[in-house]
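Below: the structure, in structure tokens.
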Amino acid sequence: MSPLIDPPASTPTPVIPPLYAPIPAAIHPRHAAIDARTAAWARRFGAGSRLSERLAGQDIGVFASRILPAGREEVVQLAGDFVLWLFLVDDGVIEEGDLGKAPGALTAALQRLLWVAENPEAELLGGDPLAEGLRDLRARVARYGTAGQTALWVNALREYALSVAWEAGHRAAGSVPDLADYTLMRLYDGATTVILPLLEMAYGYELSPEERTHPAVRAAAEMASFIITWDNDLFSAHKEFQEAGQTGDYYLNALRVLTERHGLSPAQAVGTAIAQRDRVMVHFERVRAALAAEAAPQLRQYLDSLGHFVRASLDWGISSRRYTTPHDPAGLPTHFAAAPTDDRDEPLDIGAISWWWDPDRLRLDPAARRPFPAAALAGLTTASA
């Protein structure tokens, strides 16, 4: 861990310029009804708390409707309710609760919730709103997904729990990780990976193990997580900076990492974070196109859904009350940029993710950016149901 770093007494408010968004926007036609039901779910499983009322007004069902614009409505609803549950945990237990500064106790609490997800029939945490909400979600995951997809969802939830416990260690110490460690943690603590099985369930297919574990497919999913979480760090910076300035509470985002561990000014940190996400966005589009050119219909749908997920986080990020904070307006963009600030085809200098640009690791032809050899993609070109 880094040396102790106290939260600043006052913090600058960054202005976020328009971000590059090459993926078209889309939204489910039933988004209003989905959002209303997600708000009702918040009140039911948030036990009528002020937090649940606040979350009910943040258009979380609309966010899910943008992620899955043509998906099965029941699964879109599940996605919205699940994202809201994650915010009940993140805001109520971690950010605003005592457990956020007690990594051991937080790990124990999350492990009990994970046991509920793994064994919903177990007599554990009866009457606890978070546990009851998770039981409801787990039953619906099993209803709309396969046994394999349900297991993937639970395992991804475990990855999320490990990463937020790791962050709690930094919160307890008041320390800030370096960029390499922060990037690795952020791929999981944003809970993007827990949404990935729902992308399949919403359209009624299941990727084969060969498809899901192909290096280029894994890289595309990780790149989507990077872009989504980096964008979230940019959009939430105003809220986090202002809250830290007022209360002295700990906060952690990419901008703080770049300023306090890498010596950048606030303006330089914003520019660097945007350049990083732009370079990944450009490469994400290259890899998706290369895979789609060779893939079976179900994998093409998955790749499309990754794109919708990325764009959904952009549209929701600049419009939701969660980040626009009308009572104290954030300096967020109202439109998107037509061109990236950095489109170089070379790896970011971050060890955990530099392999995304290695054509040999991805099995991509460096000239044509197409998967190769054909035998290596046998699982990707098999006709699917």
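The H on the amide N of LEU364, modeled in the peptide plane, is under 5 Å from the matching H of PHE372, each at least 5 residues off or on a different chain. Sorting 260-266, 192-198 by average packing, meaning the other beta carbons within 10 Å per residue, from highest down gives 192-198, 260-266. Specify whether the C-alpha gyration tensor of the stretch 12-86 places it in the rounded, prolate or oblate class, a ≥ b ≥ c being the square roots of the eigenvalues: rounded for a/c under 1.5, otherwise prolate if a/b is larger than b/c and oblate if not. Cα axes put the stretch 12-86 in the oblate bin. Subtracting the Cα-Cα distance of ARG361 and GLN268 from 0.36 nm times their residue separation leaves 30.3 nm of extension gain. Taking a ≥ b ≥ c as the square roots of the eigenvalues of the Cα gyration tensor, an a/c ratio of 1.5 or more together with a/b no larger than b/c marks the stretch 1-137 as oblate. With both labels modelled 7 Å from their Cα along Cα-to-Cβ, the SER49 to ALA33 distance reads 3.1 nm.
Summing Cβ point charges (Lys, Arg +1; Asp, Glu -1) relative to the Cα centre of the chain gives a dipole of roughly 660 debye. Between ALA25 and ASP178, the FRET efficiency estimated from the beta carbon spacing at R0 = 35 angstrom works out to 0.50.
Under 1.5 on a/c is rounded, so check that first for the stretch 79-120, then, if it is not, pick prolate when a/b is larger than b/c and oblate when it is not; a ≥ b ≥ c are the square roots of the alpha carbon gyration tensor eigenvalues. Don't jump to the answer; show the numbers that get you there.
Working: a/c = 3.75, a/b = 1.15, b/c = 3.26.
Verdict is oblate for the stretch 79-120.
For the peptides 154-163, 96-105, residues were scored by their other Cβ atoms within 10 Å and the scores averaged per peptide; the highest-first order is 154-163, 96-105. Packing-based ranking of 233-240, 222-229, 14-21 yields 222-229, 233-240, 14-21, ordered from highest to lowest mean Cβ neighbour count within 10 Å. The label point for GLU118 and the one for HIS327, both projected 7 Å from the Cα toward the Cβ, are 4.0 nm apart. Using the Karplus relation 6.51 cos²θ - 1.76 cosθ + 1.60 with θ = phi - 60°, the per-residue 3J(HN,Hα) values for the stretch 344-360 come to 5, 9, 9, x, 5, 7, 9, x, 5, 10, 5, 5, 4, 9, 8, x, 5 Hz, with x marking Gly and Pro.
A helix-only calculation puts the chain at -19000 deg cm²/dmol for mean residue ellipticity at 222 nm, using -39500 (n - 2.57) for each DSSP H run of at least four residues, averaged over all residues.
Note on the stretch 118-217: along the principal axes its Cα atoms extend 43, 43, 17 Å, ordered by decreasing extent. Spatial offset of the stretch 52-94 relative to the stretch 243-322 amounts to 19 Å, using the alpha carbon center of each. Span-like helix check, the chain: qualifying full DSSP H segments, with Cα axial length of 24 Å or more and mean Kyte-Doolittle of 0.0 or more, are 147-173, 266-292.
Values in this text are rule-based calculations from the coordinates and carry no lab data. The model shown is predicted, which means the values in this text are computed figures rather than measured ones. Don't worry about glycine lacking a Cβ; one is built from the backbone with ideal geometry, like all the others, and counts go over all protein chains shown.
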